[in-house]
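S.K.: Here you go, one structure.
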Amino acid sequence: MKQRTAERLEIERLVLRAQQGDREAFTALVRRYERMTHACAYAVLGDFHLAQDAAQDAFIAAYSGLASLREPAAFPGWLRGITRYQALRLRPDRKAIDRALPDTDLIFDIGSGDWDRLHDTACAVQAAIGRLPEELREITLLFYLHEYTQREIAAFVQAPVTTVNNRLHAARAQLKRRLFAMVSDTLNENRPSHDFAERVGRILAVHGPLADVRPAIGAAPEVLTTFGPASGVGAPAADTQPTLTVVQRRNDGNLRCIDTRDGNGRTAEGGMAVTPTAGVLPAALTDSDLAAVVRELRAATPASTGADIVETGIKAIDLFCPIRRGAVVGLFGGLGLGAAVLIGELAQRLCAADTAAPVTVAFLVRRIDISAAQDAARSDTEFLGQTDQNGALQTVWLPTERATDPWYATKEAASLFDSVLCLSPVPAAEGLWPAIDGLCCSSRLLREDGASTAHRRMVEAVHATLARAKQLTADPVFLELLACRANRRAAERIAEYLPQRLTELNAEDRRVVERARKLQRFLIQPFFTAEPYTGNPGVTVPLAETLRGCAAILDGDYDDVPEERFLRIGKIDEAQQ
């Protein structure tokens, strides 16, 4: 009696905790009742695999509706009722299924020397149990397969222990002794898998196209993987089901997702149970959806006003796309251009800067590159992993075909993001990492008087020099090789082409190209995150020093210094050392 009271109190305690949002408590309930629900579902369906599906659906429905359970002690019977309902949903024509089962009497009448004719033993056992009355099937599975005591079974089926005992006797009489060994062996081979708890997730809140999802206990879905609504009570129709794409793994263990389902309307709702959808790639965001996501991200991290610039100490970023506290930064350019290192470096520097509001970097990824992006996220944990524990910078991954579109980054994205940071394979071909393309970068601070006049004028002067040099040295063959991703051959081509091209230019144009190349190299510097791999100590350069260095190069103060002396230095004075 004391043991029974203790078990009841433990169930009540777990249910109350689960109702208050304790996922570990719900997992404990799943572990306690997963075999019972499977047996209950099999008693209705007569099929092991369908029973497992029904049992899983039952836990998902129970998880979603747990708040409606007023009496925690009634959980076992409440769960059994949900399980039976889910099983019946999978068996709309019960009579047809019953007729499909072979006549159990024929199996019982087979002599001991004829068992070798039953080559499909599993079918025979399922048929034998399937022909038992439903109440006997459930009792048989609970007792013989899962080895529950008669008292435990009685609590689950809400019947007296004497009724359970009588049903077991009736089942034994029908199955007969010689079938028991085969029943035990076959049922044990078909025990349900124990992953119900791991597959249950839940939408916590919806913010326009964004949704916050609490994953299952112990689950750690990767970015750019997808979730869909769990089958069961409350699931939307198939043609309106959302596909939730994980775009951010948050510090609190929850997931930030976007609804990338093709079609009209949004159907993700708070409280909806969701499960991972293996093998499903998210749809690319349309331009309007991308804009909506950026608006929500900005609302979640309100930017400061005025000239509240966060100096990162990264020369190219502070010059071309200065960042405001609480900004949303769009990172364009695709994979393989040093984006992971750049994000990790920003995380470390912003943390040191003690920003009042987190900066959000939206890493745009083409749909075709999603698998590679996931690989990069896994392999570059030494860089990207820092952002998980860094409140100063948050990274979200957005699937869009605009990720490598320089026209969009320059013309359209400037109105969406607070800052646009664009990487390009052109500088990468010459070994300039990270491959920041200053001509495509932008910032609201440079357009809305958030930056100083000296800063804005310097950006205009640098842009003019870079743009003119780009025109003077354009090589269709080089660009074609880059478009074909023949990166090694492109690097060889530019090394051959540029010296020849310089000899063809007049003195003034040649000077423009040389100064542009020195600017490009000056704006590359050693990173702290790369120091263990390069051996070069990371450096921080104040914006004032960056502006001074650019001005010195443009004024011709360093015309006699070879361009290689400018690469990976800090202040401009180091080029003459």
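The values are calculated or read from the model by the stated rules, or taken from the named source; none is laboratory data. Note that the coordinates shown come from a computational prediction; the quantities given were computed from them, not determined experimentally. Methodologically, a virtual Cβ is constructed for each residue, glycine included, from the backbone with ideal geometry; neighbour enumeration extends over all protein chains shown.
S.K.: Taking the condition among the charged types (D, E, K, R), out of contact with any His (no Cβ under 7 Å at 6 or more places or on another chain) and free of Cβ contacts under 8 Å to residues at least 40 places away in the same chain, does Glu574 pass?
M.R.: Details: among the charged types (D, E, K, R): yes; out of contact with any His (no Cβ under 7 Å at 6 or more places or on another chain): yes; free of Cβ contacts under 8 Å to residues at least 40 places away in the same chain: yes.
For Glu574, the condition - among the charged types (D, E, K, R), out of contact with any His (no Cβ under 7 Å at 6 or more places or on another chain) and free of Cβ contacts under 8 Å to residues at least 40 places away in the same chain - is met.
S.K.: Here is a further query. Would you be able to tell me the number of residues in region 286-303 that are out of contact with any Pro (no Cβ under 6 Å at 6 or more places or on another chain) and part of a loop (DSSP other than H, G, I, E, B)?
M.R.: Summing the residues that are out of contact with any Pro (no Cβ under 6 Å at 6 or more places or on another chain) and part of a loop (DSSP other than H, G, I, E, B) in region 286-303 gives 3.
S.K.: Follow-up. Inspect all residues belonging to region 486-494 and state whether any of them is among the aliphatic types (A, V, I, L, M), more than 35 Å from the chain's Cα centre (by Cα), within 26 Å of Leu342 (Cα to Cα) and outside the structural domain of Leu423 (by TED's automatic domain parsing). Full working, then the answer.
M.R.: Keep residues of region 486-494 that are among the aliphatic types (A, V, I, L, M), which gives 486, 490-491, 494.
Retained after the next criterion (residues that are more than 35 Å from the chain's Cα centre (by Cα)): 494.
Those still in the list that are within 26 Å of Leu342 (Cα to Cα) too: 494.
Keeping just the survivors that are outside the structural domain of Leu423 (by TED's automatic domain parsing) gives 494.
Yes, some residue in region 486-494 is among the aliphatic types (A, V, I, L, M), more than 35 Å from the chain's Cα centre (by Cα), within 26 Å of Leu342 (Cα to Cα) and outside the structural domain of Leu423 (by TED's automatic domain parsing).
S.K.: Continuing with the same structure: Can you tell me which residue among Glu460, Glu480, Glu504, Glu496 is acidic (Asp, Glu), within 30 Å of Ile309 (Cβ to Cβ) and either surrounded by fewer than 20 Cβ atoms within 10 Å (Cβ to Cβ) or in contact with a Cys (Cβ under 9 Å, 6 or more places away or on another chain) (or both)?
M.R.: Working: Glu480 fails: within 30 Å of Ile309 (Cβ to Cβ); Glu504 fails: within 30 Å of Ile309 (Cβ to Cβ); Glu496 fails: within 30 Å of Ile309 (Cβ to Cβ).
The match here is Glu460.
S.K.: When the residues of region 434-448 are narrowed to those that are farther than 10 Å from Asp418 by Cβ and touching a Pro at 6+ places or on another chain (Cβ under 8 Å), which ends up surrounded by the most Cβ atoms within 10 Å (Cβ to Cβ)?
M.R.: Top of the filtered list is Ile436.
This table checks each residue for (1) modelled with pLDDT of 80 or more; (2) of a type in the set (Asp, Glu); (3) surrounded by 14 or more Cβ atoms within 10 Å (Cβ to Cβ).
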site: Ala43; (1), (2), (3): yes, no, yes
site: Ile60; (1), (2), (3): no, no, yes
site: Glu71; (1), (2), (3): yes, yes, no
site: Ala74; (1), (2), (3): yes, no, yes
site: Ala96; (1), (2), (3): no, no, no
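S.K.: Select from region 257-275 the residues that are surrounded by fewer than 19 Cβ atoms within 10 Å (Cβ to Cβ) and either touching a strand residue (DSSP E or B) at 6+ places or on another chain (Cβ under 6 Å) or at pLDDT below 65 (or both) and write down the one among them that is nearest to Pro209 (Cα to Cα).
M.R.: For region 257-275, the residue satisfying everything is Arg266.
S.K.: If I filter region 522-541 for residues that are surrounded by 14 or more Cβ atoms within 10 Å (Cβ to Cβ), within 35 Å of the chain's Cα centre (by Cα) and of a type in the set (Phe, Trp, Tyr), do I get at least one hit?
M.R.: yes
S.K.: Looking only at residues in region 560-577 that are out of contact with any helix residue (DSSP H, G or I) (no Cβ under 7 Å at 6 or more places or on another chain) and under 21 Å from Gly438 (Cβ atoms), which one is surrounded by the fewest Cβ atoms within 10 Å (Cβ to Cβ)? Walk me through it before giving the result.
M.R.: From region 560-577, those out of contact with any helix residue (DSSP H, G or I) (no Cβ under 7 Å at 6 or more places or on another chain) are 560, 562, 564, 568, 570, 573-574, 576-577; that's our starting set.
The next check asks that each one be under 21 Å from Gly438 (Cβ atoms); those that pass are 564, 568, 570, 574.
Values: Glu564: 11, Arg568: 17, Gly570: 20, Glu574: 14.
Among residues in region 560-577 that are out of contact with any helix residue (DSSP H, G or I) (no Cβ under 7 Å at 6 or more places or on another chain) and under 21 Å from Gly438 (Cβ atoms), the one surrounded by the fewest Cβ atoms within 10 Å (Cβ to Cβ) is Glu564.
S.K.: Within region 304-325, identify whether any single residue is of a type in the set (Asp, Glu), outside any loop (DSSP other than H, G, I, E, B), at negative phi and at pLDDT 85 or above, and answer yes or no. Break it down into steps so the answer makes sense when it comes.
M.R.: First, pick out the residues of region 304-325 that are of a type in the set (Asp, Glu): 308, 311, 318.
Imposing the further condition that a residue be outside any loop (DSSP other than H, G, I, E, B) reduces the set to 318.
Checking the rest, the ones that are also at negative phi come to 318.
Still in the list and also at pLDDT 85 or above: 318.
Yes, the conditions are met somewhere in region 304-325.
S.K.: Now for a different question. Would you be able to say whether some residue in region 210-231 is at pLDDT below 80, surrounded by 15 or more Cβ atoms within 10 Å (Cβ to Cβ), at positive phi and not in a helix (DSSP H, G or I)?
M.R.: No, region 210-231 has no match at all.
S.K.: Is there a residue being modelled with pLDDT under 95, assigned by TED's automatic domain parsing to the domain that holds Phe363, in contact with a strand residue (DSSP E or B) (Cβ under 6 Å, 6 or more places away or on another chain) and among the small types (Gly, Ala, Ser) anywhere in region 439-454?
M.R.: No, region 439-454 has no match at all.
S.K.: Follow-up question, since we're still on this one. Tell me which residues, restricted to region 56-90, are under 17 Å from Glu138 (Cβ atoms) and of a type in the set (S, T, N, Q). Don't jump to the end; show me each part of the working.
M.R.: Narrowing region 56-90 to residues under 17 Å from Glu138 (Cβ atoms): 58, 76-88, 90.
Within region 56-90, Thr83, Gln86 qualify.
S.K.: Please go through region 49-93 and pick out each residue that is of a type in the set (S, T, N, Q) and without any contact (Cβ under 8 Å) to a residue 12 or more places away in the chain. Please lay out each step first, then the result.
M.R.: Our first condition is that a residue be of a type in the set (S, T, N, Q); within region 49-93, this holds for 52, 56, 64, 68, 83, 86.
Answer for region 49-93, where residues must be of a type in the set (S, T, N, Q) and without any contact (Cβ under 8 Å) to a residue 12 or more places away in the chain: just Ser68.
S.K.: Identify, please: which residue in region 503-557 is among the hydroxyl-bearing types (Ser, Thr, Tyr) and touching a helix residue (DSSP H, G or I) at 6+ places or on another chain (Cβ under 6 Å) and is, among those, farthest from Leu346 (Cα to Cα)?
M.R.: Only one residue fits best here, namely Thr546.
S.K.: Of Arg31, Arg35, Arg8, Arg70, which residue is over 35 Å from the mean Cα position of the chain (by Cα) and farther than 25 Å from Gly270 by Cβ?
M.R.: Working: Arg31 fails: over 35 Å from the mean Cα position of the chain (by Cα); Arg35 fails: over 35 Å from the mean Cα position of the chain (by Cα); Arg70 fails: farther than 25 Å from Gly270 by Cβ.
Only one candidate qualifies: Arg8.
S.K.: Does Thr355 meet the test of being in a loop (DSSP other than H, G, I, E, B), modelled with pLDDT under 90 and among the polar types (S, T, N, Q)?
M.R.: Details: in a loop (DSSP other than H, G, I, E, B): yes; modelled with pLDDT under 90: yes; among the polar types (S, T, N, Q): yes.
The answer is yes for Thr355.
S.K.: Additional query: Out of Lys518, Lys470, report the one residue that is touching a residue at least 12 places away in the same chain (Cβ under 8 Å) and either surrounded by fewer than 16 Cβ atoms within 10 Å (Cβ to Cβ) or on the phi > 0 side of the Ramachandran plot (or both). It would help to see each step written out before you state the result.
M.R.: On the way: Lys518 fails: either surrounded by fewer than 16 Cβ atoms within 10 Å (Cβ to Cβ) or on the phi > 0 side of the Ramachandran plot (or both).
Going through Lys518, Lys470 in turn, the sole match is Lys470.
S.K.: Filter region 542-577 down to the residues that are part of a loop (DSSP other than H, G, I, E, B), more than 43 Å from the chain's Cα centre (by Cα) and under 28 Å from Glu508 (Cβ atoms) and list them by number. Can you show your working first?
M.R.: At the first step, the residues of region 542-577 found to be part of a loop (DSSP other than H, G, I, E, B) are 542, 555-562, 567-571, 577.
From what is left, the residues that are more than 43 Å from the chain's Cα centre (by Cα) are 555-562, 577.
Of everything in region 542-577, those that are part of a loop (DSSP other than H, G, I, E, B), more than 43 Å from the chain's Cα centre (by Cα) and under 28 Å from Glu508 (Cβ atoms) turn out to be Asp555, Gly556, Asp557, Tyr558, Asp559, Asp560, Val561, Pro562.
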